[in-house]
Ligand code: C2E
Ligand code: MG
Ligand code: MG
Ligand code: MG
């Protein structure tokens with residue numbers, strides 16, 4: 001733990017990873033109130049199929065409309081919530097809110113899955129599975145319309161309980177995506193073991209690939225691994241038409257990034273879905 005190593009420990013962190021101590025405290029102290037007063041908000045970013053041209057999922061990304069600190073992005077408060085344990089109530093709120101939103105879209109005729117980022121702290125809790133089932137039951141969302149985004153490092157643990165609870169969630173139809181692929185300890189065995197559906201290639205590789213052919217080879221290889229294992233490959237953080245072109249050429253299945261759409265608030269989501277998402281044939 002960083003604390004026991006003294007203050008100098010901070011020297012070893014990358015600048016982007018350091019959290020100002022007073023900032024940390026302010027955030028920590030206002031967290032519970034933030035939850036009680038509904039200050040958290042979800043934005044959603046579409047993932048679009050290269051060939052289907054369909055909106056294949058909307059990823060929920062949490063923001064905090066803080067009364068004093070302004071509009072905060074997860075980089076600022078998720079790490080704090082993880083060290084203080086507040087990630088548990090926040091994560092439950094995110095799951096419920098995202099499921100409810102997808103359930104509403106479904107009622108409006110947009111059968112689009114919602115994708116939810118899960119923290120390792122949440123996943124390791126004994127009742128994680130129950131939390132997911134509760135959110136589904138509460139919102140009335142069908143499990144096929146929920147996707148959980150986990151990272152590689154979270155799945156490295158040889159934890160029987162974890163394996164079983166993920167297997168049960170998969171059995172009822174919840175989908176599984178491996179987020180930020182390539183940045184952790186890429187261990188191919190776990191992809192099969194956890195029966196994941198999708199690999200999300202981290203934007204670091206996506207960006208590097210548009211600058212240099214060797215780097216492009218890495219993206220091609222990751223997509224190839226995904227396909228050999230029967231998973232789909234999504235590119236994250238796509239920002240330019242040049243990136244889009246090389247990714248399509250490589251055989252990426254879906255694209256996510258500001259080039260197609262930034263994360264959208266709820267109202268903009270409906271406009272987006274109206275424009276780009278075919279409605280299923282039901283009347284409402
Ligand atoms: P992530 O899950 O890998 O999400 C992708 C991040 O890339 C998002 O940042 C998104 O806004 C950003 N992004 C999307 N397109 C582009 C692009 O074209 N260019 C660039 N440069 N960035 C793009 P955001 O929303 O700030 O979230 C950052 C991270 O915070 C997420 O990374 C995820 O790990 C975490 N996070 C977000 N929401 C939640 C949540 O509800 N729960 C948990 N536990 N973590 C969350
Ligand atoms: Mg994600
Ligand atoms: Mg990611
Ligand atoms: Mg990321």
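A single member of 87, 41 is touching a residue at least 60 places away in the same chain (Cβ under 8 Å) and within 24 Å of residue 23 (Cβ to Cβ), and it is 41.
Restricted to region 79-194, the set of helices (runs of 4 or more DSSP H) holding at least 1 residues that are closer than 30 Å to residue 32 by Cα and away from ligand 2 (no atom under 16 Å from the Cβ) comprises 87-107, 120-124, 128-139, 160-171. Can you find even one residue in region 220-236 that is within 16 Å of ligand 4 (Cβ to nearest atom), touching a residue at least 12 places away in the same chain (Cβ under 8 Å), assigned to a helix (DSSP H, G or I) and over 20 Å from residue 46 (Cα atoms)? The answer is yes; a qualifying residue exists. Listed conditions (1) under 21 Å from the mean Cα position of the chain (by Cα); (2) part of a helix (DSSP H, G or I) are all met by residue 214, apart from (1).
Scan region 275-282 and give yes if some residue there is in contact with a strand residue (DSSP E or B) (Cβ under 8 Å, 6 or more places away or on another chain) and either away from ligand 3 (no atom under 16 Å from the Cβ) or assigned to a strand (DSSP E or B) (or both), otherwise no. There is at least one residue in region 275-282 that is in contact with a strand residue (DSSP E or B) (Cβ under 8 Å, 6 or more places away or on another chain) and either away from ligand 3 (no atom under 16 Å from the Cβ) or assigned to a strand (DSSP E or B) (or both). Entry remark, region 217-238: residues being crowded, with 22+ Cβ neighbours inside 10 Å and more than 21 Å from the chain's Cα centre (by Cα) number 0 in total.
Each residue in region 32-65 was checked for being more than 16 Å from ligand 4 (Cβ to nearest atom), more than 22 Å from residue 201 (Cβ to Cβ) and surrounded by fewer than 19 Cβ atoms within 10 Å (Cβ to Cβ), and 9 pass.
Sort through 162, 141 and tell me the only one that's at pLDDT below 90 and away from ligand 4 (no atom under 16 Å from the Cβ). Working first, answer last.
Working: 141 fails: at pLDDT below 90.
162 is the lone residue from the list that is at pLDDT below 90 and away from ligand 4 (no atom under 16 Å from the Cβ).
Against the criterion of being within 11 Å of ligand 3 (Cβ to nearest atom) and surrounded by fewer than 20 Cβ atoms within 10 Å (Cβ to Cβ), residue 173 does not qualify.
Scanning region 72-102 for residues that are in contact with a strand residue (DSSP E or B) (Cβ under 9 Å, 6 or more places away or on another chain) and closer than 14 Å to residue 44 by Cα gives 73, 74, 94, 95, 97, 98, 99, 101, 102.
What are the residues in region 135-159 that are within 25 Å of residue 79 (Cα to Cα) and surrounded by 15 or more Cβ atoms within 10 Å (Cβ to Cβ), if any?
135, 146, 147, 148, 149, 150, 151, 152, 154, 155
None of 246, 190 is surrounded by 14 or more Cβ atoms within 10 Å (Cβ to Cβ) and over 30 Å from residue 167 (Cβ atoms) except 246.
Looking at region 107-121, which of the residues that are in contact with a helix residue (DSSP H, G or I) (Cβ under 6 Å, 6 or more places away or on another chain) and within 7 Å of ligand 1 (Cβ to nearest atom) is nearest to residue 143 (Cα to Cα)?
116
The values are calculated or read from the model by the stated rules, or taken from the named source; none is laboratory data. None of these values were measured; they are calculated from a predicted model. With ideal geometry, Cβ positions are generated from the backbone for all residues, glycine too; neighbour counts draw on all protein chains shown.
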